[in-house]
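Colleague: Let me give you the structure first, and then I'll get to my questions.
The values are calculated or read from the model by the stated rules, or taken from the named source; none is laboratory data. The structure displayed is predicted, hence computed values, not measured ones. Don't worry about glycine lacking a Cβ; one is built from the backbone with ideal geometry, like all the others, and counts go over all protein chains shown. Areas reflect the complete protein model, heavy atoms only, side chains present, ligands, DNA and RNA absent. Shrake-Rupley method; radii C 1.70, N 1.55, O 1.52, S 1.80 Å.
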Amino acid sequence: MTTIRHAPYEDSADFTIGLKPIGEAAWLEGGEADPAARKDPLFATRREIVWGETAGSLGGQQEVLALIEAALGPAPHDPALPPLYAAARRTPDDLVLMEKQDGAWRVAALSLCAPTFFTARDVLGASLAQIHGPVHGFSERFLTRVERIFDGLRPDLILERRNWNLVNSAELHTPDPAPIRARIGSIDPAQAGAELFVRVERQTLRRLPETGGALFTIRVWLHSLDALRDDPARLAAFAKAWRAATPDFREYKRLGLYDELVTGFLRAHGESHSVNGS
Ligand code: HEM
């Protein structure tokens, strides 16, 4: 039986800010024996899409490394590695250093090995407004509030948010949706529960008090739809979220591509409403 750690579809079927304070001990969830074994080959062979740093980010990177060492204990690291990458290879999470430049919070450096359909190259140097340009309604609904949160973040506060998506891939490293979506048509409906995955990003945000930047972490958790069969309450919550997802949310996440497969799966497991609730 798969333990489902995060089930944000229980809370929302729309875009949300959803930032909540958590304690220091809950900051990094761990749970991967050797993150460096997964990240180092990507850093060696696909560096331009999993890594990026801007000039002037070294101080912030060093502060991130110090924070990670304070949380996980000190460990020797190769001084030739950029400090943010030395930090990232100690934890499953991807690490994004944000700094305020020219009046906007921008990506100053990042290690991004488990991206959901974007690359380090896409976002390095980009502002919160630019990064979230493709998210329907973000600038009208969220941007000002999110910028204020970054501005006002107190050093003793750690914030957490989670989102969810549905994908036909169990891979963590998914920079490009195209090859994944190209396979949807060949999924046998009887195998939908095994081949479709709920992809949850658990993200945290905290201030870097010395350099004034902020550290954004992204941890990806995946579970198959089949894992929901073991947990009827969660299966019902997922079914409800699938049916209630707003048009913007469905279109942005391309959930319609999976409607037939998901509806068939839900029907086969006693959740018989269609997407339209009929
Ligand atoms: C902490 C404040 C933030 C909030 C409230 C927020 C919110 C959101 C929301 C609502 C979405 C749409 C997907 C979803 O989560 O359901 C999204 C997408 C995204 N966010 Fe954020 N975000 C935040 C910070 C960041 C930061 C610091 C980065 C830096 C890398 C980032 C990178 C992205 C990317 C790359 C996407 C996908 C955009 C695309 O489709 O191209 N977010 N964010």
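Colleague: If a residue must be loosely packed, with under 15 Cβ neighbours inside 10 Å, more than 10 Å from the ligand (Cβ to nearest atom) and at pLDDT 95 or above, how many such residues does the range 131-163 contain?
Modeller: Within the range 131-163, residues that are loosely packed, with under 15 Cβ neighbours inside 10 Å, more than 10 Å from the ligand (Cβ to nearest atom) and at pLDDT 95 or above number 9.
Colleague: Looking at the range 233-244, which of its residues are open to solvent by less than 20 Å² (accessible area, probe 1.4 Å), out of contact with any Asp or Glu (no Cβ under 7 Å at 6 or more places or on another chain) and among the aliphatic types (A, V, I, L, M)?
Modeller: 241
Colleague: Going by the structure shown, is residue 211 out of contact with any Ser or Thr (no Cβ under 8 Å at 6 or more places or on another chain), among the β-branched types (Val, Ile, Thr) and in a loop (DSSP other than H, G, I, E, B)?
Modeller: yes
Colleague: If you don't mind, another one. Does at least one position in the range 188-200 carry a residue that is of a type in the set (Lys, Arg) and either assigned to a helix (DSSP H, G or I) or closer than 30 Å to residue 151 by Cα (or both)?
Modeller: Scanning the range 188-200 turns up at least one residue that is of a type in the set (Lys, Arg) and either assigned to a helix (DSSP H, G or I) or closer than 30 Å to residue 151 by Cα (or both).
Colleague: Looking at the range 213-232 only, could you name the residues that are open to solvent by 40 Å² or more (accessible area, probe 1.4 Å), farther than 12 Å from residue 269 by Cα and either in contact (Cβ under 8 Å) with a residue 60 or more places away in the chain or out of contact with any strand residue (DSSP E or B) (no Cβ under 7 Å at 6 or more places or on another chain) (or both)?
Modeller: Of everything in the range 213-232, those that are open to solvent by 40 Å² or more (accessible area, probe 1.4 Å), farther than 12 Å from residue 269 by Cα and either in contact (Cβ under 8 Å) with a residue 60 or more places away in the chain or out of contact with any strand residue (DSSP E or B) (no Cβ under 7 Å at 6 or more places or on another chain) (or both) turn out to be 216, 221.
Conditions tested, residue by residue: (1) touching a residue at least 40 places away in the same chain (Cβ under 8 Å); (2) assigned to a loop (DSSP other than H, G, I, E, B); (3) more than 21 Å from residue 102 (Cα to Cα); (4) of a type in the set (Phe, Trp, Tyr).
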residue	(1), (2), (3), (4)
125	yes, yes, no, no
129	no, no, no, no
134	yes, yes, yes, no
144	no, no, no, no
165	yes, no, yes, no
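Colleague: Just a yes or no: is a residue in the range 18-33 hydrophobic (A, V, I, L, M, F, W, C), surrounded by fewer than 14 Cβ atoms within 10 Å (Cβ to Cβ) and farther than 19 Å from residue 204 by Cα?
Modeller: Yes, that holds for at least one residue.
Colleague: For residues that are of a type in the set (A, V, I, L, M, F, W, C) and farther than 25 Å from residue 30 by Cα, scanning just the range 166-193, find the one that is surrounded by the most Cβ atoms within 10 Å (Cβ to Cβ).
Modeller: Per the stated criteria, the residue is 192.
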